[in-house]
Amino acid sequence: MEKPPGRLLPPLFEPPVERAPYSTKPSESRGRLFAEAESPTRTCYQRDRDRIIHSAAFRRLKHKTQVFVQHEGDYYRTRLTHSLEVAQIARSLARVLALDEDLAETLALAHDLGHTPFGHAGEEALSAATADIGGFDHNAHALRIVSKLEHRYADFDGLNLTWETLEGLVKHNGPLLQVGNENLAAPIATFDARWCLDLSTWPGLEAQIAALSDDIAYINHDIDDGLRAGLFSTDDLAGAPLVGGHVEAIRREYGSLELGRLIGEIVRRLMSVLVSDVLAETRSGLKRVLPCSAAAVRGHDEALAAFSKPMAATVDSLKSFMFASMYRHPRVLESMSAAKGVVIDLFDAFKAKPSLLPPDWQALCGTPGDAVTAGVVRDYIAGMTDRFALEEHSRIFHTQIVL
């Protein structure tokens with residue numbers, strides 16, 4: 001006899017209708033650098049989210065590496081799919097904590113806008129190539145994209161996002177100005193001189209939640225991608241911190257499972273553990289501090305959204321396992337070494353011969369080899385997708401690079 005459809009279980013909580021006093025409120029926004037009439041149908045943070053989704057930089061994330069070069073397979077994450085997964089987690093956490101989930105989602109969608117082609121390998125190569133003009137930092141470049149490089153509006157450069165979105169984009173990992181550490185990336189220092197982002201304080205809770213959601217997402221999807229790619233086995237994972245116990249429990253409960261179902265069970269269980277820990281620890285911190293406003297959250301001397309200390313230590317151990325098993329795997333290292341060479345070749349060629357650039361980019365350059373030209377080339381390469389970088393390398397050097 002066929003089983004009847006399962007009933008939905010009652011929720012463990014009812015989503016709050018009212019925002020908490022410590023949430024970031026659209027009505028209290030510090031506004032935009034350039035005055036605009038606000039939308040009659042969207043809050044200012046919903047509008048920010050929509051501007052990011054419609055930006056050219058966001059679309060290009062589709063063809064930018066997360067760990068694997070984009071063309072290696074349809075199953076693996078790109079920067080775009082990663083950003084969508086981070087946004088889902090951030091939105092869910094923000095809803096439970098009675099925060100502004102639109103702002104949390106906005107920051108999650110924007111957090112990787114500044115990444116180069118070929119992931120961290122591309123960033124390392126571009127930073128080394130531009131060391132004499134300040135290097136390259138993807139977080140600073142994200143600010144440069146949304147405040148300068150996007151050209152969608154007749155009245156201003158950039159997307160003219162709210163202060164709270166810009167603050168969260170720059171500071172989602174914590175204060176940038178601390179005693180003994182006052183070295184700022186030039187794009188951040190330049191913008192902060194124009195419009196102060198309070199770089200010595202923590203951001204609002206929505207930004208803190210977005211940063212934790214990034215950790216939760218990439219831990220889980222790197223396990224998924226690493227297993228599918230054969231960089232490590234389920235037996236390897238059974239000995240890993242945090243996730244190993246779940247692998248063994250699934251084996252005891254279900255025996256042998258096809259890979260897709262096994263990965264689904266691992267990710268589902270691990271995701272739940274991490275999300276539950278963040279919620280419990282953050283609620284504990286909020287109960288202890290009792291912040292009465294978003295300003296009080298910013299003024300507190302430490303993050304209020306966090307993993308518990310035991311969970312944070314275990315997560316760090318799992319990251320170490322992933323670093324050794326996945327990010328330092330010979331197959332990944334070989335591909336990323338070649339990718340670095342592509343970035344350095346392109347930088348040297350464009351810097352020495354700006355006429356290789358599109359006309360609108362050529363117009364921004366100084367003389368071949370000077371700092372102005374190097375800065376323009378840095379921006380141009382940082383905006384490339386993996387695929388376009390390889391195409392440009394082939395066009396200039398008449399060689400086919402296989403990653």
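The values are calculated or read from the model by the stated rules, or taken from the named source; none is laboratory data. Quantities reported herein were computed from a predicted structural model and do not represent experimental measurements. FYI the Cβ positions are ideal-geometry reconstructions off the backbone, even for glycines, and counts take in every protein chain you see. These accessible areas exclude ligands, DNA and RNA; they are computed on the full protein's heavy atoms, side chains included. Shrake-Rupley method; radii C 1.70, N 1.55, O 1.52, S 1.80 Å.
Provide a single number: the residues in the stretch 278-290 that are open to solvent by 20 Å² or more (accessible area, probe 1.4 Å) and within 21 Å of the chain's Cα centre (by Cα).
Of the residues in that region, 1 qualify.
Quick one: which of Pro368, Pro359, Pro354 is over 29 Å from the mean Cα position of the chain (by Cα) and surrounded by 15 or more Cβ atoms within 10 Å (Cβ to Cβ)?
Pro354
I'd like the full set of residues that are in a helix (DSSP H, G or I), out of contact with any helix residue (DSSP H, G or I) (no Cβ under 6 Å at 6 or more places or on another chain) and not β-branched (Val, Ile, Thr), limited to the stretch 346-374.
Within the stretch 346-374, Asp348, Ala352, Ser355, Pro359, Asp360 qualify.
Would you be able to say whether some residue in the stretch 160-175 is under 12 Å from the mean Cα position of the chain (by Cα), among the hydrophobic types (A, V, I, L, M, F, W, C), within 25 Å of Ser23 (Cβ to Cβ) and open to solvent by less than 10 Å² (accessible area, probe 1.4 Å)?
Yes - at least one qualifying residue is present in the stretch 160-175.
Take Arg331 and decide whether it is more than 21 Å from Leu93 (Cα to Cα), of a type outside the set (A, V, I, L, M, F, W, C) and either open to solvent by 60 Å² or more (accessible area, probe 1.4 Å) or at pLDDT 95 or above (or both).
yes
From the set of residues in the stretch 94-132 that are in a helix (DSSP H, G or I), in contact with a Pro (Cβ under 9 Å, 6 or more places away or on another chain) and not hydrophobic (A, V, I, L, M, F, W, C), which is farthest from Pro175 (Cα to Cα)?
Arg95
If Pro117 meets every condition in (1) open to solvent by 10 Å² or more (accessible area, probe 1.4 Å); (2) touching a Phe, Trp or Tyr at 6+ places or on another chain (Cβ under 8 Å) apart from one, which number is that one?
Every condition holds for Pro117 apart from (1).
Out of the stretch 207-233, which residues are open to solvent by 30 Å² or more (accessible area, probe 1.4 Å) and either among the hydroxyl-bearing types (Ser, Thr, Tyr) or not in a helix (DSSP H, G or I) (or both)?
Tyr218, Gly230, Ser233
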